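Below is one structure, written out as structure tokens, with a few remarks after it.
The values are calculated or read from the model by the stated rules, or taken from the named source; none is laboratory data. As the structure is a prediction and not an experimental result, all values here were calculated from the model. When we count neighbours, we look across all protein chains shown, and the Cβ atoms used for this are built from the backbone with ideal geometry, even at glycine.
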Amino acid sequence: MQRSCLLSPGCKCNEAFEKAFSYTPEEIINIIKDSGLRGRGGAGFPTGMKWEFAAKAAGEKKYVVCNADEGEPGTFKDRVLLTDSLDKLVQGMAIAGYAIGANYGILYLRSEYKWMLNDLNAKFNEFKNQNYLGNNIMGKGFDFDIEIKLNAGAYVCGEETALIESMEGKRGEPRNKPPFPVQSGYMGYPTVINNVETLCNIPYILEHGVAEFKKYGTERSCGTKLFSISGDCAKPGVYEMDLGITIREMLEMVGASNTKAVQIGGASGSTAGEKDFDKTICFEGFPPGGSIIIFNKSRNMARVLKNFIHFFEEESCGQCTPCREGTRRLKEAVDRIERGEKLSDEDMNTMLELAEVMKNSSKCGLGQTAANPFVDILGKFREDF
Amino acid sequence: MKMLELDKDVVEISSKYGKSKDHLLRILQDLVAKKGYLTEKIVRDLAKDMNISPNEVYSVATFYSFIKTKPTGKYVIRICQTISCDLAGKEEIIKALEKELRIKCGQTTDDMLFTLETTNCMGMCDQGPAMLVNDEVYTKMDSIKAIELIREYKTK
Amino acid sequence: MQTAVESKLTVSINGKEFDARKGETILQLAKRNDINIPTLCNHADLCESGNCRMCVVEVEGQRVLQASCTTPVAERMVIRTNTRKVRKTRQMIIELLLAEHVGDCQTCKRNTNCELQDLAAEYGIEEVRFGKSQEKRYEVDTRTPIVRDNDKCILCRRCTQVCEEIQGVEAIKPMGRGKDTDIGCLFGLPLDETTCVFCGQCINRCPTGALTERDATKEVWKAIDDPTKHVVVQTAPAIRAALAEEFDIPPGERVTGKMASALKMIGFDTVFDTDFTADLTIIEEGTELLTRLKKALVEKSQVALPMFTSCSPGWINYIEHYYPDLLPNLSTCKSPQQMFGALIKTYYAQKKGVDPKNIVSVSVMPCTAKKFEADRPEMYDSGYKDVDHVLTTRELARMIKQAGIDLMDLQDSEFDDPMGISTGAAVIFGATGGVMEAAIRTAYELVTGREVPFANLDIRPVRGMEGIREASLTITDPLPEWSFLNGAEVKVAIAHSLTKARMLMDKVRAGEATYHFIEVMACPGGCLGGGGQPIPTSPEIREKRAQAIYTEDGAMKLRKSHENPAVKVLYEEFLKEPNGHKSHELLHTKYTPKDTW
Ligand SMILES: Cc1cc2nc3c(=O)[nH]c(=O)nc-3n(C[C@H](O)[C@H](O)[C@H](O)COP(=O)(O)O)c2cc1C
Ligand code: SF4
Ligand code: FES
């Protein structure tokens, strides 16, 4: 079932502002907590809790950052939100600011989306003119402004602490946690970082209420979710669906046939084979990264694996040993496979051990998940190798 | 003490952003847009102007793939190499453009007009194959469209 | 009391419970309790970077292993440091590093003192399953005093951290991203095209052989083996307090006499002590300071104050690059090494009747910047290169070993006369605050005719390891010729490490500093923590070396530079008077501003 809470202009979200300012910041945080909204950027962290941490953290300034770095292979839903639903995003950010006590918002945009920069700036100006942004928003006595900062071509900067480093004008190398951004983020101030889609959900929740929001999805995965669907199907694009949808339902909807495998959650996500197609996509099932890439039976999964591993090797920040050296060695292995070499059992075991070490000891999510496709694809599609 | 004059563009662009470190990335990108790539003089001048170490400037610059520190053409063509665009046939486009421009991927034409590169997922996977020419995005490409596009740029 | 109880946590490591302090890391807790967790990127002097991931441990309830160096303890945390998973992970990390570590242990300066080698042995790495790259990817530039071999670099980043956090220089940085990351300068330029001050602190932090000093041992051996050469050696104060560490003796052991014996056995023709010119520096620099004060207070003329010490060549490089406007404040005195060099090929050559062109002057220094200093164009005042070769403490140790000498078994012997005679004031040059203390001992007495009013001549307020220290001394009842100083409160400050120097310099630049005299040493702890000293280094080790130095001072018969009889003779026979014509020709110099970035 396709939904249209986030995507359609049908939601009268402008009224969300009115609603929001009638609540105290604490009340808003409680509403978001009650809604069960979980982050749409990948990790699925409960948004209300994140805001609460930031609200309680001491700091003379606070920041709300919208993570529009959208770099995960196969993801483009944030692009659609940024171009079609910017009003929801702006409201989401301002409401987040109101809730945690931040007057500054930063939209961190990937440089691959620089083509939308002029448009974004123009729209922000319009919002300012309409007093949705700027001083004393809608006469409610709350100031909030948004600045755009650009990445410059580094996937790892989507990781929230790398993103902060990058916004500070540094190399986008993930920080050690703790401290978490909600305690000490941009310039050392408490900072909430949320995905575009997460923030776009906020006005809907305030406008329609928790109960309405919870009608969609499952018990632990509330609300709808945008899926970026690409690959071998008739109708690629962005779809809004309930969390908890099965893979098979989804494939039908987008006109995919003869499907061999589905990559869920991007390169760092997991690979579903035919056996998995009745499983659901939600926080308690296949993690809903938002990227769905479909491969039909004519595709060789070895090529897919090579593509993913090359991606990680190029995008590792290079800071920590397991990821920097591990992705190098994984790449070496998939290149050998591609050249038609067969890895000996011994070599294969070494690589699987390496995958385990990368998962267990890398500093950030990139290294921790970079070997996923190696294990998953090799495990499920051995015949392609 | 060498008292060479600072590059005018460097000063202009860094002043626009208030010379503060948190804008370094944007300043570098604007400089690349203006100058094509960063030379040693640009890096040193910017460092002086912003009062940060030139090594820091270079360290930051080389972390990001869109900030160029080697001679680069006026137009940087970036073809998405990630899986969805790969499935959609990016290889053909690369081959066609390599032939058209008589360079290999990763190289720059002798007239310094074009640099041909691949890049990772551009967020256009539903409309692949996709490519960027500088900041402009082009989708649903094929080899013929790509060649036509490049020829247009040639005459710009 | 209550807060103490509150901030105490109970943490279990490997099944045993420990009292932990709130805010400390797992690694700190483990170390305090003698539980060994291997580390590579972690260093006692630096912020935790958590890059190498060697130190990972299992923490109950955590999905993945945690880096113990960056993870704070929490109440009731359950930690395991020695499970199979942890061991396997560490082994893999070592293998991954070895696979990209190109170079042979046997031909490496750090052979037997390499953290990577030690860990590989400890974890029983018998093969590198990924193969070991043999192909050298980097050219090694052996021109500069600091030699970088990136093929041996494991990207722990301790070097770039010390350069930034402790020295504030940022001469080297991580460049590039991911697998292409390497440590270097912008556009791959050599170190001498950056603001590198050649302090060598990076060498002391390097776990492997990626950073070493430019070797001078071969040239020194060649000179020793050449019968036509008269090879003279001088050794700096800080060497005697650290050399034993190279022979597996715990830090803090003084080996002054053994070192003199070893130098003689190696075959140096004359074995002198840089302490001699340290005393001389005090006379020259003290006189210069008093002259500046007189000009300012009596003649009311424009003179640069506060005056800065000038014996640390890393500091000289730094001020040339970063505070060229303050160069007039720098004492014009050369460093003791260079004063020595200039005197060997003039005064000593005459006295001994040796043609200076046949003299090879060698110094043993705790410092790599001294190699740079000796090569400076300013340092040819004897008509020759004043100091031909500079050896670090580490290089001297290598030479002693190569000569088959067992240092610790040697009998003590004395330095040669006359330039081997020195006082306790010279010995303490090796520690931060030492030059200041020596200067005060002499200047105060010169001005008042009395000894400094400190028990046992120990001027405690200027000692210690605090990064910046300030002290003041009010002058009462001066001798008639110094009556203008009556009642004056002389203020001094001391800084060691360049980030600390920067703080003081910013104050001076802003006109907010009321000091008269500032001592700056580029390296943390002063020369005893110099970039040529034995590896490893840590606050604890430097503390021990400082103790050794102060003990040596306390044990000396002569404790004040102006009491050095040989220095007195030098003035009578050769220099005539402090800051006189001859001194200016040989012992003083001027430095030039350089580009900041
Ligand atoms: C390597 C890496 C890349 C990431 N890229 C993105 C991204 O492009 N967009 C995003 O919203 N989150 C990304 N994340 C997740 C963020 O770190 C962070 O969890 C998220 O922005 C939080 O927002 P949310 O709570 O609204 O999901 C990435 C994480 C990792 C480890
Ligand atoms: S896991 Fe990879 S991307 Fe993350 S910090 Fe380590 S090297 Fe960088
Ligand atoms: S010592 Fe902890 S990560 Fe290196």
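Observations
- Within region A:325-355, the set of residues being within 16 Å of ligand 2 (Cβ to nearest atom) and touching a residue at least 12 places away in the same chain (Cβ under 8 Å) comprises A:GLY326, A:THR327, A:ARG328, A:ARG329, A:LEU330, A:LYS331, A:LEU354, A:ALA355.
- Number of the exception - B:SER53 against (1) of a type outside the set (Lys, Arg); (2) touching an Asp or Glu at 6+ places or on another chain (Cβ under 9 Å); (3) farther than 25 Å from C:THR194 by Cβ: (3)
- Any hit, region B:103-113, residues being closer than 30 Å to A:ALA256 by Cα and not assigned by TED's automatic domain parsing to the domain that holds B:ARG26: no
- Tally, over region A:164-214, of residues that are within 14 Å of chain B (Cβ to nearest Cβ) and either surrounded by 24 or more Cβ atoms within 10 Å (Cβ to Cβ) or in a strand (DSSP E or B) (or both): 13
- Taken as a whole, region C:343-360 holds no residue that is acidic (Asp, Glu) and either in contact (Cβ under 8 Å) with a residue 40 or more places away in the chain or crowded, with 19+ Cβ neighbours inside 10 Å (or both).
- Here A:GLY237 does not qualify as surrounded by fewer than 24 Cβ atoms within 10 Å (Cβ to Cβ), out of contact with any helix residue (DSSP H, G or I) (no Cβ under 8 Å at 6 or more places or on another chain) and at pLDDT 95 or above.
- Among the helices (runs of 4 or more DSSP H) confined to region C:509-597, the ones with at least 3 residues that are within 13 Å of the chain's Cα centre (by Cα) are located at C:539-555.
- In the set A:ILE146, A:ILE137, A:ILE106, only one residue is aliphatic (A, V, I, L, M), more than 14 Å from ligand 1 (Cβ to nearest atom), in contact (Cβ under 8 Å) with a residue 40 or more places away in the chain and touching a Cys at 6+ places or on another chain (Cβ under 9 Å); that residue is A:ILE146.
- Here A:ALA261, A:ALA272 are screened, and the one residue that is away from every other protein chain (no Cβ under 14 Å) and part of a strand (DSSP E or B) is A:ALA272.
- For region A:296-342, the set of residues classified as of a type in the set (Asp, Glu) and under 25 Å from B:GLU117 (Cβ atoms) consists of A:GLU313, A:GLU314, A:GLU315, A:GLU332, A:ASP335, A:GLU338, listed by residue number.
- Of the helices (runs of 4 or more DSSP H) lying entirely inside region C:229-324, those containing at least 3 residues that are under 19 Å from the mean Cα position of the chain (by Cα) span C:275-297, C:313-322.
- Which listed residue, of C:CYS185, C:CYS202, C:CYS196, C:CYS206, is within 14 Å of chain B (Cβ to nearest Cβ) and under 23 Å from C:ILE541 (Cα atoms): C:CYS202
- Test: residue in region A:309-316 that is within 13 Å of chain C (Cβ to nearest Cβ) and not in a helix (DSSP H, G or I): yes
- Sole residue being at pLDDT 95 or above, more than 16 Å from ligand 2 (Cβ to nearest atom) and within 21 Å of A:ASP145 (Cα to Cα), chosen from A:VAL65, A:VAL80: A:VAL65
- Residue tally, condition in a helix (DSSP H, G or I) and surrounded by 19 or more Cβ atoms within 10 Å (Cβ to Cβ), over region C:483-500: 3
- Residue in region A:219-231 that is at pLDDT 95 or above, part of a loop (DSSP other than H, G, I, E, B) and within 16 Å of ligand 1 (Cβ to nearest atom) present: no
- For region A:80-127, residues that are surrounded by fewer than 16 Cβ atoms within 10 Å (Cβ to Cβ) and of a type in the set (D, E, K, R) total 3.
- Any chance A:SER362 is small (Gly, Ala, Ser), touching a helix residue (DSSP H, G or I) at 6+ places or on another chain (Cβ under 6 Å) and more than 30 Å from A:ILE245 (Cβ to Cβ): yes
- Check on C:LYS31, free of Cβ contacts under 8 Å to residues at least 12 places away in the same chain and out of contact with any helix residue (DSSP H, G or I) (no Cβ under 8 Å at 6 or more places or on another chain): yes
- Taken over region A:66-119, the residue count meeting the criterion of being within 14 Å of another protein chain (Cβ to nearest Cβ) and part of a loop (DSSP other than H, G, I, E, B) is 9.
- Counted residues, region C:49-70 - those being in contact with a strand residue (DSSP E or B) (Cβ under 7 Å, 6 or more places away or on another chain), on the phi < 0 side of the Ramachandran plot and either more than 8 Å from every other protein chain (Cβ to nearest Cβ) or within 7 Å of ligand 3 (Cβ to nearest atom) (or both): 10
- C:ASN82 vs. criteria farther than 21 Å from A:ARG324 by Cα and either within 14 Å of ligand 3 (Cβ to nearest atom) or in a loop (DSSP other than H, G, I, E, B) (or both): yes
- Qualifying residue in region B:96-106 (condition: touching an Asp or Glu at 6+ places or on another chain (Cβ under 8 Å), of a type outside the set (D, E, K, R), more than 8 Å from every other protein chain (Cβ to nearest Cβ) and surrounded by fewer than 17 Cβ atoms within 10 Å (Cβ to Cβ)): yes
- Odd one out for C:ILE35, checked against (1) within 30 Å of C:LYS152 (Cβ to Cβ); (2) away from ligand 3 (no atom under 16 Å from the Cβ): (2)
- Just one of the listed residues (A:GLU72, A:GLU126, A:GLU112) is more than 16 Å from ligand 3 (Cβ to nearest atom), on the phi < 0 side of the Ramachandran plot and in contact (Cβ under 8 Å) with a residue 60 or more places away in the chain, namely A:GLU72.
- Residue satisfying all of: in region C:416-440; among the small types (Gly, Ala, Ser) and not in a helix (DSSP H, G or I); nearest to C:ALA241 (Cα to Cα) among these: C:ALA431
- Restricting region B:21-38 to residues that are touching a residue at least 24 places away in the same chain (Cβ under 8 Å) and not aliphatic (A, V, I, L, M), the residue that is surrounded by the most Cβ atoms within 10 Å (Cβ to Cβ): B:GLN29
- Every listed requirement among (1) touching a Lys or Arg at 6+ places or on another chain (Cβ under 7 Å); (2) away from ligand 2 (no atom under 16 Å from the Cβ) is met by A:PHE381 save one, (1).
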